[in-house]
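Have a look at the structure below before the remarks.
The values are calculated or read from the model by the stated rules, or taken from the named source; none is laboratory data. Bear in mind that the values here come from a model prediction, so they are computed numbers and not experimental data. Don't worry about glycine lacking a Cβ; one is built from the backbone with ideal geometry, like all the others, and counts go over all protein chains shown. Side chains included, ligands, DNA and RNA excluded: accessible areas come from the protein's heavy atoms. Shrake-Rupley method; radii C 1.70, N 1.55, O 1.52, S 1.80 Å.
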Amino acid sequence: MTEPQFDKTFEPAHGEAVAVASDILRVTAPNAGPLTFHGTNSYIVGRDTLAVIDPGPENESHWRTLLAAIAGRPVSHIFVSHTHRDHSPLAARLKAETGATIVAEGPHRAARPLYTGEVNPLKESADMDFVPDIAAAHGHVVSGDGWSIETLHTPGHTANHAAFALNGTGLVFSADHVMAWATSIIAPPDGAMSDFMASLDMLAARDDSLYLPGHGGPVHKPRQFVRALKTHRIMRERAVLGRIEKGDRLIADMVKAIYRDTDPRLHGAAALSVLAHLEDLVGRGEVVTDGPPSIKGEYRPA
């Protein structure tokens, strides 16, 4: 496989809990959009005492569905993959309701400091109030009632992004790092392309059998899919270099050419991903620009 075969066939079943594996329920929030697909997936793990992964956005309908799926059972832990507002905000409410311990890599932070005069384009999408009870290092294991969950640091989409492996099953909750329906947005300064690629390498070295992502349906044959996703990103990088070699100097012009078949509503996100590629290319000395890389900067071959 040279390119990932994205799968957009997915039934979100809003308002219902769907069994997706043994003792795992999925509840999809009704927050569909260009970047969230049919909505954010929350997962409930266990039979008696539960773990909840990515409780989701502040949405009353989703909250009620989540509580109905929990069905009065105790919740010992809440795992949060990252601090975008479609994943983490309900964690505090669920903790207050259940007394559960919140586990995550850490609070929201950028992958690098803001440059002078730079404005974070995704500032409003970040949950700056989130603070976990346990800041889980890579490899940190939490054992519960019949389940054991290991934290896998996967920075790239955000600096604090983590996936969670359900030990002994071959299953990983891959959140927004690897999804079956589309590639993840990498938006500086919150995300970094070099981090994203390194995280793909870490996952590709594992021998997992199934990913359950933060949006859309499962990823089958994940190692093969991750390798194809890395190839896709490398090809995108080459396309960016190709546009610069042909004379494009602005990100807007590169996006028009590279993403000409993409929904125009996603061109803003595409521009940020191109910026992430350019940050990486400038850092490696393959492209030059005046000052630090920026969304409105001009780029030239090195």
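Solvent exposure of the chain amounts to 43 Å² per residue of accessible area, where only protein heavy atoms count and the probe is 1.4 Å.
Spin-label model, D48 to T169: label points 7 Å out along the Cα-to-beta-carbon direction sit 1.8 nm apart. Checking the table K246/K296; K123/K296; K256/K296; K8/K246; K8/K95 against a 26 Å threshold on Cα-Cα, which pairs fail? Pairs exceeding the cut-off: K8/K246; K8/K95.
Expressed as a fraction of 2.2 N^0.38 Å, the value expected for a compact globular protein of N residues, the C-alpha radius of gyration of the chain is 1.00.
Surface calculation, 1.4 Å probe, protein heavy atoms: V142 sits at approximately 10 Å² accessible. Rounded to the nearest 20, the Cβ-based charge dipole of region 111-216 about its Cα centre (Lys and Arg +1, Asp and Glu -1) stands at 200 debye.
Give me the extension gain from R93 to M202: residue separation times 0.36 nm, minus the current Cα-Cα distance, reported in nm with one decimal.
Values: separation 109, 0.36 × 109 = 39.24 nm, distance 3.29 nm.
Result: 36.0 nm gained on full extension.
Within the listed set H140, H84, H153, the Gaussian network model of the chain (springs between alpha-carbon atoms below 10 Å) gives the highest mean-square fluctuation for H140. Listed by chain and number, the lysines whose alpha-carbon sits under 16 Å from that of K221, ignoring those within fewer than 8 places in the same chain, are K230.
Would you mind telling me the share, in percent, of accessible area of region 63-119 contributed by carbon and sulfur at probe 1.4 angstrom? Don't skip to the end; give the middle numbers.
Working: 1410 of 2480 Å².
Carbon and sulfur: 57 percent of the exposed surface of region 63-119.
Per 0.36 nm of contour for each residue apart, how much would the distance between I234 and A21 grow if the chain were fully extended, relative to their Cα-Cα spacing? Taking 0.36 nm per residue and subtracting the Cα distance, the gain is 73.4 nm. When the chain is modelled as a GNM with alpha-carbon springs shorter than 10 Å, which of S61, S42, S174 fluctuates the most? Comparing S61, S42, S174 in a Gaussian network model of the chain, the most mobile one is S61.
Taking 2.2 N^0.38 Å as the expected size of a compact globular protein, what ratio does the Cα radius of gyration of region 170-302 give against it, to two decimals? Could the numbers behind the result be given before it?
Numbers: Rg = 15.4 Å, N = 133, 2.2 N^0.38 = 14.1 Å.
So region 170-302 has a normalised radius of gyration of 1.09.
Each residue of region 147-162 is assigned a 3J(HN,Hα), and the resulting list reads 9, 9, 10, 10, 7, 10, 5, 9, x, x, 5, 9, 5, 9, 6, 9 Hz, derived from the Karplus form 6.51 cos²θ - 1.76 cosθ + 1.60 (θ = phi - 60°), x at Gly and Pro. Between the residues S76, A13, H87, the greatest Cα displacement towards the positive end of the dipole of region 1-87, with unit charges on the Cβ of Lys, Arg, Asp and Glu, is found for S76.
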